[in-house]
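Everything on this sheet refers to the single structure shown next.
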Amino acid sequence: MNDPNFDHSDGDWDDFTSEPAWGEQQWRNYLKGADRDTARFLSIYNSIKDKPNHLDEAANLMGWDVDDISLTEEFSSLGAENEDRDEDLDNAPYTLHRHPVFIVTRALYRYLRQSWQHYMDQSGTQVPAALSWKYADCLHRGETNVLLAIQSLDLGDFGLTICHLKNGLSALNETLTLLGQLSHPNTEFLEAFRHELKIRLFDLRELWIRVMSDCRTECQRRPGGEKE
């Protein structure tokens, strides 16, 4: 409905509507580029995961400042080392797809899902259905809550960010518990599987705790801020 008293000549409105809109193909290219960022981080991470401080080193190799990986303010632009990046991605508007915490979380959960699929393929019918469902549900709840936390972080709602991260940590702890309930006739395979997944799960926990700590600091800086 049009309001006859609404002034369409407002300068801010004119500035907003003058922004060029992206078409579907540009956004598709953008999403493909974002997926490549996720794959690139995972490749870098997997190559250095056994080194001390590998999470920070992977961030540096991605071209991020170390502080970007637990950021509560707008982050610096992604590194330009990758010459194969699409022009659309380099000139893209800001979206959460480019947030370092988003990229790291998506990358490590991608590994967790793919590894679980591999484990089930190797185990045949030996994985109880209830355990398999609980494990998949934990992965889903953990990733979903953290993605919601990143959105809350972007909106500047640090309290809501902390709540979602706590939910994510709860799901992560359940994931670790379920890993301990797995059995396999090949104990060497099982222990290697658990070891690799625990590396990623503990890194996710470290990352989320960093973000929570920064959020609490920001809450305390605000007028009337209180410690939890």
Q | Separation of the ASN186 and SER132 label points, Cα + 7 Å toward Cβ, nm | A | 1.8 nm
Q.
Out of the total accessible area of region 105-228 (probe 1.4 Å, heavy atoms of protein only), what percent is carbon and sulfur?
A. 51 percent
Q. At a Förster distance of 45 Å, what's the computed FRET efficiency of LYS51 paired with GLU24, Cβ-Cβ distance as r, to 0.05?
A. 0.60
Q: Using a Förster distance of 30 angstrom, determine the FRET efficiency expected from the C-beta separation of SER43 and ASP65, and round it to 0.05.
A: 0.90
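The values are calculated or read from the model by the stated rules, or taken from the named source; none is laboratory data. This is a predicted model, so every value here is computed, not measured. Glycine also receives a Cβ, built like all others from the backbone with ideal geometry; neighbour counts cover every protein chain displayed. Each accessible area value is taken on the protein alone, full model and side chains, heavy atoms only, with ligands, DNA and RNA left out. Shrake-Rupley method; radii C 1.70, N 1.55, O 1.52, S 1.80 Å.
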